[in-house]
Amino acid sequence: QVQLVESGGGLVQPGGSLRLSCAASGPIFSMYDMAWYRQAPGKQRELVATITHLGTTSYADSVKGRFAISRGFAENTVYLQMNKLQPEDTAVYYCNRHLSPLLPWGQGTQVTVSS
């Protein structure tokens, strides 16, 4: 069973940058299409960015041009580079498969954008 561990969150000022990492265990991680999701307080979890096992990416309109998803197969890791962060990006960020069946959710990593 693949396990997911997110890291890299923190407190950043508006306009700043963060790089999130999602480390996955399990031998077939490289075959999965992966995604980053986020959940802000009082809101539903939303899809932020996706990357296929071949490297094709897609983004929610709200982050397009600011965020970049990538993956490192050798290290079984998915990354989310976040630039030009805005207060509305504040949320707990999670990674998971893009399509069902989803893997057990990790603990997420908190991103807070505030001056």
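Observations, loosely collected:
- Stokes-Einstein D in µm²/s, Kirkwood radius over Cα pairs - the chain at 10 °C with 1.306 mPa s viscosity: 114 µm²/s
- Residue-wise HN-Hα coupling along the range 53-67, computed from phi with Karplus coefficients 6.51, -1.76, 1.60 (Hz; x: Gly, Pro): 5, 9, x, 6, 10, 8, 9, 5, 4, 5, 10, 4, x, 10, 10
- Stretch in the chain that is longest and holds no chymotrypsin sites (Phe, Trp or Tyr not before Pro) that DSSP places in a loop and that have at most 15 other beta carbons within 10 Å: 1-72
- In order along the range 32-44, the Karplus-derived 3J(HN,Hα) couplings, from 6.51 cos²θ - 1.76 cosθ + 1.60 at θ = phi - 60°, round to 8, 7, 10, 8, 10, 10, 8, 9, 8, x, x, 10, 6 Hz, and Gly and Pro are given as x.
- When Arg97, Arg19 are compared by accessible area at a 1.4 angstrom probe, the order from most to least is Arg19, Arg97.
- Integer Hz, Karplus 6.51/-1.76/1.60 couplings in order for the range 98-111, x for Gly and Pro: 6, 10, 5, x, 5, 7, x, 5, x, 7, x, 9, 7, 10
- Distant-in-sequence amide contacts of Gln86, defined by a placed amide H-H separation under 5 Å and a gap of 5 or more residues or a different chain, comprise Gly15.
The values are calculated or read from the model by the stated rules, or taken from the named source; none is laboratory data. Note that the coordinates shown come from a computational prediction; the quantities given were computed from them, not determined experimentally. Counting neighbours? That spans all protein chains shown, and the Cβs are built from the backbone with ideal geometry, glycine included. Ligands, DNA and RNA are excluded from the accessible area calculation, which covers all protein heavy atoms including side chains. Shrake-Rupley method; radii C 1.70, N 1.55, O 1.52, S 1.80 Å.
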